[in-house]
Amino acid sequence: MRIGLIGTGRIGSFHAAALARHPDAGSLLLADADPARAVRLADRLGATAAPSVDQVFAWGVDAVVVACSTDGHAELVLRAVRGGLPVFCEKPLAADLARTLAVLREVAAADGVLQLGFMRRFDAGYRTARELVRSGALGRLHTVRTMTADPSPPPAAYLAASGGLYRDCLVHDFDMVRWVTGREVAEVYATASDAGPPRFREVGDVDTAAALLTLDDSTLVTCTGTRCNGAGYDVRMELAGELDQVSSGLDDRTPIASTEPHGPPPAPKPWTGFLERFAPAYEAELAAFVRLVRGEGPNPCDGREALAALRVAEACELSRRERRRVAMAELPDL
């Protein structure tokens, strides 16, 4: 198997290293908008660097991994699908809902194979939470709480192209709400604050956000997120049912301290970022893609699944902007 990976920045380099270690991934062909960066990574991994993205397709590959900047995702996914190639794409598929829908319609018409990168589906804690909910061990689920807190704001250039806190960050929480509970979001109410660093206001983004989701079985969900959590990288999900409650993301590296006299001590080495916290999950999602390409496993996160999370994020943006409840039925769908 020969896999072409496009984009050798932070996440692309991580994916390339994971694929280089995989015993069934075969050879790796790398390309980047900065060819020298692709060469440096290829030399480090024992892979091959292509002088351009065009050469990845011209030289021939069996599958494509898209890990470049967001503005190139849609075009590259469609190029792969039109060539009959399975493709893995980091989220988001496109910068807005209209373009996402257009791409997914073409992928479906071509019967293409597309896996989206929602790595939390492969995290051990979230998988266990899903099993407990689906088995009935928690009883009727009545409340879910999620949190995603980055330790420091990303660069201004990243913020300008990120799509905003709901689409870029909390979209992972929205995906987990659906995936863990097995329910659909019916309605959202969202609010946010841009009271932090000026760079957020300058690009029309927010640094802290909250959303109340009502699921189709009346379960209530609160999702909060911030780019300004100086204690460390904190990602958690709490699920409360009539019989029991559990938490994912609560361990000896969770950056939170108890004020109780006999509470647990502060984490001696808190999580510093998403690549460290979810490294095993990223490896597992790429391994799942290799199995998918080889015809040995199902698609763990296809375009429709990714679309569902994006629609919730879009509903939150609409709710924040118009200061009202938004029913999911108001948003376009496939």
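Side notes on the structure shown:
- Of all DSSP-defined beta bridges confined to the chain, some 55% are antiparallel rather than parallel.
- Over the stretch 80-199, relative contact order from alpha-carbon pairs under 8 Å, at least 6 apart, %: 26
- With Cα atoms, 0 to 90° folded angle of helix 171-181 axis to the chain main axis: 70
- Solvent-accessible area per residue in the stretch 1-69 equals 42 Å², computed with a 1.4 angstrom probe and all protein chains kept.
- Estimated inter-spin distance, LEU250 and ASP54, nm [label 7 Å along Cα→Cβ]: 5.6
- Across the chain, counting alpha-carbon atoms alone, Rg and Dmax equal 20.0, 65 Å.
- Using C-alpha pairs below 8 Å separated by at least 6 residues, the relative contact order for the chain is 18 percent.
- Distance from the stretch 119-144 to the stretch 237-268 (C-alpha centre basis), Å: 16
- Nearest-ten-degree value, helix 97-109 long axis tilted from longest Cα axis of the chain: 50
- Cα-based helix-to-principal-axis angle, 35-45 vs the chain, degrees rounded to 10: 80
- Gyration tensor (alpha-carbon) shape descriptor, the stretch 68-185, a/c threshold 1.5: oblate
- When a 1.4 Å probe is rolled over the protein heavy atoms, the share of accessible surface on the stretch 117-241 that falls to carbon and sulfur comes to 52 percent.
- Electrostatic dipole magnitude of the chain [Cβ: Lys, Arg +1; Asp, Glu -1; Cα centre; debye, to 20]: 220
- HIS142 - accessible surface, heavy atoms, 1.4 Å probe, Å² rounded to 10: 60
- Contact order, relative form, for the stretch 169-290: 16 percent (alpha carbon pairs under 8 Å, 6 or more residues apart, mean separation divided by residue count).
The values are calculated or read from the model by the stated rules, or taken from the named source; none is laboratory data. Note that this is a predicted model, so its numbers are computed, not measured. Note: ideal-geometry Cβ built from the backbone for every residue, glycine included; neighbour counts use all protein chains shown. The area values use the complete protein model at the heavy-atom level, side chains included, leaving out ligands, DNA and RNA. Shrake-Rupley method; radii C 1.70, N 1.55, O 1.52, S 1.80 Å.
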